[in-house]
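Everything below concerns the one structure shown next.
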Amino acid sequence: NDAVSIALKDNGKGIPSDVIPKLFEKGATFGKVNGTGLGLYHARKSIESWGGSLTIHSHLQLGTTVSITLPLAPKYPGFLSRLEIPPKTTVVSLDDD
């Protein structure tokens, strides 16, 4: 109850196990002709700076799962934890832009 987890799965060709650790290195890329190798590097650095984690599990010819876990932010007392709107109620949203 103190974290949120997100799992992104595909059923693609997979990533060799020896390549996965290298994907988090700055400049490393796999299977992309014009890849810069910055996407996963920056994603992991950002997620870890927030106290979370990013992992990749893959099986060749079966697919890949990228898992992100982030700690829940402290509850701000000014935010509602729940808002119930009765049926047939008109809701108006006003944006200051």
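Remarks
- Candidates per trypsin sites (Lys or Arg not before Pro) in the stretch 4-97, loop by DSSP, up to 10 other Cβ within 10 Å: 32, 75, 82, 88
- At the residue level, residue 55 shows approximately 50 square angstrom of accessible surface with a 1.4 angstrom probe and all protein chains present.
- Carbon/sulfur fraction of accessible area - the chain, other protein chains in place, 1.4 Å, %: 56 percent
- GluC sites (Glu not before Pro) restricted to DSSP loop in the stretch 1-92 with at most 10 other C-beta within 10 Å: 84
- The chain: Lys pairs at Cα distance under 22 angstrom, eight or more positions apart or on different chains: 9
- Evaluating 6.51 cos²θ - 1.76 cosθ + 1.60 at θ = phi - 60° for every residue in the stretch 31-36, the Karplus couplings come out as x, 10, 5, 10, x, 9 Hz, glycine and proline recorded as x.
- The chain: relative contact order in percent, alpha carbon pairs under 8 Å with at least 6 residues between: 34 percent
- The chain: angle of helix 39-49 to the longest principal axis, Cα-based, in degrees nearest 10: 50 degrees
- With Cα atoms as the point set, the radius of gyration and Dmax of the chain evaluate to 19.6, 57 Å.
- Loop sites by DSSP among the chymotrypsin sites (Phe, Trp or Tyr not before Pro) of the chain, restricted to those with at most 11 other Cβ atoms within 10 angstrom, leave 1-49 as the longest stretch without any of them.
- For the stretch 57-71, the Karplus equation 6.51 cos²θ - 1.76 cosθ + 1.60, evaluated at θ = phi - 60°, returns couplings of 10, 9, 10, 4, 6, 10, x, 9, 10, 9, 10, 10, 10, 10, x Hz by residue, with Gly and Pro reported as x.
The values are calculated or read from the model by the stated rules, or taken from the named source; none is laboratory data. Here the structure is a predicted model, which is why all the values come from computation and not from measurement. Note: ideal-geometry Cβ built from the backbone for every residue, glycine included; neighbour counts use all protein chains shown. With ligands, DNA and RNA removed, areas are computed over all heavy atoms of the protein, side chains included. Shrake-Rupley method; radii C 1.70, N 1.55, O 1.52, S 1.80 Å.
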